[in-house]
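Data first, discussion second: the structure below is written as structure tokens.
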Amino acid sequence: MEDQNSAPPSAGATDNVRPADMLPDGDYAIVEVIGHRTIVGRISEVERFGTKLLGVEPIFAGALLPVVLIGGGSIYQLTSCTREVAAKKGPTRLYQLPGSISSTLPPEADGLPRLGWVDPVKGDIIADLDELDEDGMPF
């Protein structure tokens with residue numbers, strides 16, 4: 001049975017994904033953060049502001065993004081995994097990243113696959129994000 005609430009992957013959605021063996025060595029995890037956010041990436045313990053924090057370098061389209069710092073009290077669940085699992089589970093489309101992370105991407109990320117405006121009934125993409133007006137509606 002087909003899920004009508006999900007949009008089909010955009011063309012070339014996996015064109016930017018690199019194999020897991022191209023990711024650097026380290027500890028990888030799937031981190032669930034309070035606020036219904038899931039971040040997949042390489043993890044480390046970081047000391048900043050006089051306290052220990054979880055540093056996560058999120059995986060996006062097969063590459064590591066700059067570190068995101070998370071306080072221990074905000075971690076709902078942390079599941080350690082291999083680099084290969086993290087590469088497979090990491091987001092490949094901009095809409096899969098938390099807004100606070102996608103807003104920090106460099107301008108060249110504009111060419112990466114994005115979810116356009118989706119017809120709420122059929123689930124079809126009917127416009128890409130470059131064809132939306134200032135209210136987020138298709139022209």
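The values are calculated or read from the model by the stated rules, or taken from the named source; none is laboratory data. This structure is a prediction, so every number in the text was calculated from the model and none was measured. Reconstructed Cβ throughout: ideal geometry from the backbone, glycine too, with neighbour counts over all protein chains shown. Each accessible area value is taken on the protein alone, full model and side chains, heavy atoms only, with ligands, DNA and RNA left out. Shrake-Rupley method; radii C 1.70, N 1.55, O 1.52, S 1.80 Å.
Take segment 58-77 and flag every residue that is over 11 Å from V31 (Cα atoms) and open to solvent by 20 Å² or more (accessible area, probe 1.4 Å).
To start, the set of residues in segment 58-77 that are over 11 Å from V31 (Cα atoms) comprises 59-69, 71-73.
Selection gives A63, L64, L65, P66, V67, V68, L69, G71, G72, G73.
Would it be correct to say that R37 is of a type in the set (D, E, K, R) and in contact with a Pro (Cβ under 7 Å, 6 or more places away or on another chain)?
Details: of a type in the set (D, E, K, R): yes; in contact with a Pro (Cβ under 7 Å, 6 or more places away or on another chain): yes.
Yes: the conditions hold for R37.
Could you say whether any residue in segment 29-44 is open to solvent by less than 60 Å² (accessible area, probe 1.4 Å) and modelled with pLDDT under 50?
no
Return yes when S80 is touching a residue at least 40 places away in the same chain (Cβ under 8 Å), loosely packed, with under 14 Cβ neighbours inside 10 Å and assigned to a strand (DSSP E or B) and no when it is not.
Working: touching a residue at least 40 places away in the same chain (Cβ under 8 Å): yes; loosely packed, with under 14 Cβ neighbours inside 10 Å: yes; assigned to a strand (DSSP E or B): yes.
Spelling it out, S80 is indeed touching a residue at least 40 places away in the same chain (Cβ under 8 Å), loosely packed, with under 14 Cβ neighbours inside 10 Å and assigned to a strand (DSSP E or B).
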